[in-house]
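Engineer: Let me begin by handing over the structure; questions about it come next.
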Amino acid sequence: MNLKERAKSLKKTVPAVFLALKDKDTPTLAKILAGITVGYALSPIDLIPDFIPVLGYLDDVILLPALIALTIKLIPADVWERNLEAAENMWQDGKPKKWYYAIPIVLIWLLIIYKIVGWLV
């Protein structure tokens, strides 16, 4: 599996891990690790900053897939399959079906940028 295929698989597995986090049939330890995994995947802060050559991307290439793999191992197979199928149904033509959920996030980022520009000027 090349890097492009792995990136596409992350597009399905990270939402599936999130759905497993909310699933009542997921064990507690798996929920804790799923929370860490989803939080790390969505966090703009990395353990190693991306601007450091080579090392900056190692955490994205090694750490995130390792967290996902460990989380999947802790989730029962039937629960994982159910959540993976639900995650695949979240996408339509390569885009989320409910894209408008991103509007509050975009507004928050615009507000942050506005405040930073106002502070600098």
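Engineer: Select from the range 61-91 the residues that are free of Cβ contacts under 8 Å to residues at least 12 places away in the same chain and in a loop (DSSP other than H, G, I, E, B) and list them in ascending order.
Structural biologist: Asn89
Engineer: State the number of residues belonging to the range 43-60 that are part of a helix (DSSP H, G or I) and touching a residue at least 12 places away in the same chain (Cβ under 8 Å).
Structural biologist: The total comes to 2.
Engineer: If a residue has to be loosely packed, with under 14 Cβ neighbours inside 10 Å and either modelled with pLDDT under 75 or in a helix (DSSP H, G or I) (or both) to count, how many in the range 12-31 make the cut?
Structural biologist: Selection size over the range 12-31: 3.
The values are calculated or read from the model by the stated rules, or taken from the named source; none is laboratory data. This structure is a prediction, so every number in the text was calculated from the model and none was measured. Note that we place each Cβ from the backbone using ideal geometry, even for glycine, and neighbour counts take in every protein chain shown.
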